[in-house]
Amino acid sequence: MPAPRCHDLLKGAETTMTKMTSLLERNTRFAATYTPATLGVPTAQLLIVTCLDHRVDPANVLGLRLGEAPVIRNAGGRVTQAVIDDITYLAYLAEQLFGGQGEPDTLFEVAVIHHTQCGTGFLADPGFRQRAAQATGLPEAALEASAVDDPHTTVKTDVERLLTSPQLSPKLSVSGHVYDIATGHLTTTLDARHP
Ligand SMILES: [Zn+2]
């Protein structure tokens, strides 16, 4: 088979449409007026932990802009060991790089946000959970741990889990919030506390 000529490749590139195509066009428009944010303290002095659900993006829900706050997202926005590890590292990094800035005993606040109508809610049903575990090979206990059936309950559990983790820097504070998919409102259910 003859090697494709440059012209053919270019032609192919021009006509290839993927699911990313329209997003790449949006990116081109974004980059046209873009100003890079310098590496520094997140200007909101916050770290957000929330669900990966495409209806709860903090950039939209909270109007979060670039450089304001790191965001950790997973199924349910649950505080897993992996999340605690990320927060531990970010606290270390913040202290090393920016420890002399801001208030002396405060690095940043971790805001845990759970939401209503979470897709992980199905996992609260033992039958569904058992079938999901069998079909995917994922441990049933891990699936149960990611379930958000009542976000008010799970956000309390996860804020406590963070506050009682021996890994958590005493210079961090933790708060809990529930986002209502139906109304778009975010409610603070647990005010920020230090460990
Ligand atoms: Zn969710």
Checklist line | Acute angle (nearest 10 degrees) that the helix 81-98 long axis makes with the longest principal axis of the chain, alpha-carbon atoms | finding: 90
Item checked: Distance between the range 28-75 and the range 111-135 - C-alpha centres, whole angstrom -> 26
Check: How much net charge surrounds Gly40 when only other residues with a Cβ under 15 Å from its Cβ are counted (Lys, Arg +1; Asp, Glu -1)?
Finding: -1
Margin query: With both bridge residues required to lie in the chain, what share of the DSSP beta bridges run antiparallel, to the nearest 5%?
Written below: 25
Margin query: At 0.36 nm per residue, and after removing the present C-alpha to C-alpha distance, how many nm does the segment from Asp180 to His152 gain when stretched out fully?
Written below: 9.0 nm
Next item on the list: Label the range 107-195 by shape, choosing from rounded, prolate and oblate, from the square roots a ≥ b ≥ c of the eigenvalues of the Cα gyration tensor; if a/c is under 1.5 it is rounded, and otherwise prolate applies when a/b is larger than b/c, oblate when it is not.
Entry: oblate
Note to self: For the ranges 151-162, 184-195, 133-144, what's the packing order if you count other beta-carbon atoms within 10 Å of each residue, average per peptide, and put the highest first?
What the structure shows: 151-162, 184-195, 133-144
Check: Which angle from 0 to 90°, rounded to the nearest 10, does the C-alpha axis of helix 21-32 make with the longest principal axis of the chain?
Finding: 80
Margin query: Quick check: residue separation of Glu25 and Leu52 times 0.36 nm, minus the Cα distance between them. What number comes out in nm?
Written below: 7.4 nm
Note to self: Using 0.36 nm times the number of residues separating Asn60 and Ala141, minus their current alpha carbon distance, what extension gain do you get?
What the structure shows: 25.9 nm
Check: What is the set of long-range amide H partners of Ile72 at a cut-off below 5 Å, with H atoms built 1.01 Å from backbone N?
Finding: Ile48, Val49, Thr50
Next item on the list: Express the relative contact order of the range 27-152 as a whole percentage, based on alpha carbon pairs under 8 Å and six or more residues apart in sequence.
Entry: 27
Next item on the list: Under 15 Å from the Cβ of Leu162, count the other residues' Cβ atoms, weight Lys and Arg +1, Asp and Glu -1, and hand me the total.
Entry: -1
Notebook entry, point to check: Sorted from fewest to most neighbouring beta carbons within 10 Å, what does the list Tyr34, Tyr92, Tyr179 look like?
Noted result: Tyr34, Tyr92, Tyr179
Check: What is the distance, in nm, between label points placed 7 Å from the Cα along the Cα-to-Cβ direction at Tyr92 and at Gln130?
Finding: 4.3
Notebook entry, point to check: Once the other residues with Cβ under 14 Å from the Cβ of Leu143 are scored (Lys, Arg +1; Asp, Glu -1), what is the net sum?
Noted result: -1
Next item on the list: Could you tell me whether the chain comes out rounded, prolate or oblate from its Cα gyration tensor? Rule is a ≥ b ≥ c as square roots of the eigenvalues, rounded for a/c under 1.5, then prolate if a/b exceeds b/c, otherwise oblate.
Entry: oblate
Check: How do Leu23, Leu47, Leu64 line up, fewest other C-beta atoms within 10 Å first?
Finding: Leu23, Leu64, Leu47
Notebook entry, point to check: By how many degrees, between 0 and 90 and to the nearest 10, does the Cα long axis of helix 6-15 differ from the longest principal axis of the chain?
Noted result: 50
Item checked: Calculated [θ] (222 nm, deg cm²/dmol) that DSSP helices of n ≥ 4 give over the chain, each run adding -39,500 (n - 2.57) -> -11500 deg cm²/dmol
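FYI, it's all coordinate maths here, none of it is from the lab. Small disclaimer: the values here were computed from a predicted structure and weren't measured. Cβ coordinates were reconstructed from backbone atoms using ideal geometry, including for glycine residues, and neighbour counts include every protein chain displayed.
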